[in-house]
1. Against the conditions (1) crowded, with 19+ Cβ neighbours inside 10 Å; (2) in a loop (DSSP other than H, G, I, E, B); (3) at pLDDT 95 or above, where does P126 fall short? Just the number, please.
2. Among the residues of segment 273-291, is there at least one that is closer than 17 Å to I192 by Cα, touching a Lys or Arg at 6+ places or on another chain (Cβ under 6 Å) and surrounded by 15 or more Cβ atoms within 10 Å (Cβ to Cβ)?
3. In segment 149-184, which residue that is of a type in the set (V, I, T) and buried (at least 20 other Cβ atoms within 10 Å of the Cβ) is farthest from A206 (Cα to Cα)?
4. When you scan segment 256-267, do you find a residue that is outside any loop (DSSP other than H, G, I, E, B), modelled with pLDDT of 95 or more and exposed (fewer than 15 other Cβ atoms within 10 Å of the Cβ), even just one?
5. Between V118, V73, which is closer than 24 Å to L160 by Cα and either without any contact (Cβ under 8 Å) to a residue 12 or more places away in the chain or assigned to a strand (DSSP E or B) (or both)?
6. Only one of (1) touching a Leu at 6+ places or on another chain (Cβ under 9 Å); (2) more than 19 Å from T223 (Cα to Cα); (3) not polar (S, T, N, Q); (4) not in a helix (DSSP H, G or I) is not met by A104, so which one is it?
7. Tally time: how many residues in segment 290-329 are of a type in the set (G, A, S) and modelled with pLDDT of 95 or more?
8. Which residues, counting only those in segment 155-179, are farther than 19 Å from Q23 by Cβ and among the acidic types (D, E)?
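The values are calculated or read from the model by the stated rules, or taken from the named source; none is laboratory data. It should be emphasised that the depicted structure is a prediction, and the values quoted were computed from it without experimental measurement. With ideal geometry, Cβ positions are generated from the backbone for all residues, glycine too; neighbour counts draw on all protein chains shown.
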Amino acid sequence: MEPEVQHRPTNTNPTSSSLARLQQCLVLSAVVLALAGVVWGWTHSRTVLFASLALLTLGHAVILGIETVAAAVINRRDHGPGAGAREWLGAWWQEVKVAPQVFAWRQPFRWRRLADSVSASTVSVPAVVLIHGFFCNRAFWLPWMEQFRVLGVPYVSVNLEPIFGSIDEYAPLVDEAVRRATALTGQAPTLICHSMGGLAARTWLAATPGAASRVQKIITIGTPHRGTWLARFSHLANGRQMRHDCDWQQSLVARELELHPQRNAGMFVCWYSNTDNIVFPASTATLPGADNRLVAGTAHVALAFHPRVMAESLAMVASADKSPSERTAS
């Protein structure tokens, strides 16, 4: 029988999300503009009509296509594993399908769903802290939350705000989430982070003496550990901090080395892909000394929901409270 984990009712979830409000406005504005184009084009111009329909349904596919082509070109210079045209095309199509679900539905309109755990007194498995990435909120993790509920694993999530602020500002939010997760079971939690969320976790570790002893493991998925080429076009605070090997990235490494000579790399599992359309070159999503795991032919957002990533990460969570010999036996 699965242990019972209690969760806050959805309507009393105390978190707020500026990102949800922003994305609601963006989605609704896009729909209104596209529908206006359809209505006007119906009587005046079939070209406008079809262009409006294409913009509404496929506009994001064009943007993702540009990102994918850029990633394919830049990755040729990388020493990591290469990818063929079929893999790149497949990755692009994955992202075309999953992006609207995340950015136009879950995050704007479903972010209050599946609230965090509030107690787990009978649960032996340590809790999980879910840390999302850039331009996301806690609803990014809804498929994971569903799995945690099935397995009886308690979890805590965050909304990283200010949305476009410095990554350094997220350290207190991570710290509070770790405290909440620890209180659920009395054990150090596992951190699961997507994209920029992995940098937020590393920033917290570097800013908080003793933080490494407060977590079991840190699993990052598509995190720009050495930045990403694409961030060179960003002028936002956290976007600039994700530029490839920028001053902030080097400062983070220096701060990590002050607290631990090996940067705690042994506690990291880093999932990465050779067809990531956001974090590239591909090797920038790895950490020296970490357990770096390649998932070939998968795009950035889709990587977080890849069956292997979820299955193996969930297995690590389930075995987090076991000794090495117990993990081998299981």
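1. Exception for P126: condition (3).
2. No; the residues of segment 273-291 include none that is closer than 17 Å to I192 by Cα, touching a Lys or Arg at 6+ places or on another chain (Cβ under 6 Å) and surrounded by 15 or more Cβ atoms within 10 Å (Cβ to Cβ).
3. Per the stated criteria, the residue is V153.
4. no
5. From the options V118, V73, the qualifying one is V118.
6. Going through the list (1) touching a Leu at 6+ places or on another chain (Cβ under 9 Å); (2) more than 19 Å from T223 (Cα to Cα); (3) not polar (S, T, N, Q); (4) not in a helix (DSSP H, G or I), A104 breaks only (4).
7. 9
8. Hits for segment 155-179 are D168, E169, D175, E176.
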